[in-house]
Amino acid sequence: MERRQRGVSAGLLLLLYQISQVGFQNIPSVTLGVLVLNIFLFLNPLRPLTEVCLSVNEAVHRQNWQRLLLSPFHHADDWHLYYNMISMLWKGIMLERKLKSIWFAYTIAVFSVLIGVVYIVLELLLMIILDDPSYGMNCGVGFSGVLFALKVLNNHYNPGRVSTVLGLPISSKYACWVELVAIHLISPGTSFAGHLSGILVGLMYTMGPLKKIMKACAAGISFFTEPDRPRDYSSEYYSYYPDYQYRAPRNYFDYTGGLTEEEQLERAVLNSLNERDFGGGTRNNERRPYGFWFPPENSAEDMRRQRLRRFDRR
């Protein structure tokens, strides 16, 4: 592998310009941190590329496992860095807001290592099945494997979208596979196994056991929170008022009766209409429960009175 050029170059300048156009204040913290780390290691590499790239020969035969940590954050040249970090910029903005910063950082850390492991397994299988030792010498660097995994996550959390690959509209469900093939038709020197590893890890998270395993490993760490889980506001209330006496714990799902947001809105509209028809009060001065009120069945007399009220208003 050739040693990349040093110093500020066209690709790096264009990347910095694009970041400034978005605005540092508009980039979530973890996404910005990943961008800064990759740019810093491009300008100040820890080791030459030949000593950080990942291959079967180096990782398995020579036991250089630290390359699992180093290879994703080093790039071959300025344009390699540019395309990867521009992709990271947009994917990070969308996903970090969805997953929250701590979980997003945790996801990137796990993906960076796991994709390297899957890459080694794929190259090792190719070497054995095809009886070709050259696969063991393939040495890869770059963040693109992680980006393919994040693309799978982004398509999972934003279904139904249409992506454009080489000018062709492709359903987001299949976009990563089409992009995988397209990249290797345009740039045959890129690592097919590295990109495929990213897709497989992304599918392990969205459709396999990886997400559950990550949650189980993070369960004992207090500052980790599971993504897409509503906060328990009642527990926060009781923590502020420890002397408050209550009979049964209540949480968000108890309060809403298990209804979705659309069902809550529909129920609120119906309740509002019923309250207006009853003059804003309740019969027999009964106290309505918390949450959503399900009105009782109307008697024939009640329905007659409601029709008279509507007639009087006209």
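List of remarks:
- Restricted to region 184-193, and to residues there that are surrounded by fewer than 18 Cβ atoms within 10 Å (Cβ to Cβ) and not in a loop (DSSP other than H, G, I, E, B), the residue that is modelled with the highest pLDDT is F192.
- Scanning region 34-48 for residues that are closer than 24 Å to S87 by Cα and open to solvent by 10 Å² or more (accessible area, probe 1.4 Å) yields V34, V36, L37, I39, F40, L41, L43, N44, P45, L46.
Residue by residue, here is whether (1) open to solvent by 30 Å² or more (accessible area, probe 1.4 Å); (2) at pLDDT below 95; (3) of a type in the set (G, A, S) holds:
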position	(1), (2), (3)
S55	no, yes, yes
Q63	yes, yes, no
Q66	yes, yes, no
I108	no, no, no
I115	no, no, no
L124	yes, yes, no
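- If the condition is being under 18 Å from the mean Cα position of the chain (by Cα) and without any contact (Cβ under 8 Å) to a residue 24 or more places away in the chain, then region 167-193 contributes S172, K173, Y174.
To keep it simple, each residue is scored yes or no on (1) over 18 Å from M88 (Cβ atoms); (2) open to solvent by 10 Å² or more (accessible area, probe 1.4 Å); (3) without any contact (Cβ under 8 Å) to a residue 40 or more places away in the chain; (4) touching a Cys at 6+ places or on another chain (Cβ under 7 Å).
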| residue | (1), (2), (3), (4) |
| --- | --- |
| N158 | no, yes, no, no |
| R161 | yes, yes, yes, no |
| V165 | yes, yes, yes, no |
| H195 | no, yes, no, no |
| G198 | no, no, no, no |
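- Considering A76, A109, the condition of being among the aliphatic types (A, V, I, L, M) and not in a helix (DSSP H, G or I) is satisfied by A76 alone.
- Looking only at region 69-101, and only at residues there that are under 24 Å from I213 (Cα atoms) and in contact with a Ser or Thr (Cβ under 7 Å, 6 or more places away or on another chain), the one that is surrounded by the most Cβ atoms within 10 Å (Cβ to Cβ): P72
Yes/no per residue for (1) open to solvent by 40 Å² or more (accessible area, probe 1.4 Å); (2) part of a helix (DSSP H, G or I); (3) at pLDDT 95 or above; (4) charged (D, E, K, R):
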position	(1), (2), (3), (4)
M1	yes, no, no, no
G7	no, no, no, no
G11	no, yes, no, no
L32	yes, yes, yes, no
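The values are calculated or read from the model by the stated rules, or taken from the named source; none is laboratory data. Every value quoted in this text rests on a predicted model; they were computed, and no experiment measured them. Cβ sites come from the backbone with ideal geometry, for glycine too, and all protein chains shown count toward neighbours. Each accessible area value is taken on the protein alone, full model and side chains, heavy atoms only, with ligands, DNA and RNA left out. Shrake-Rupley method; radii C 1.70, N 1.55, O 1.52, S 1.80 Å.
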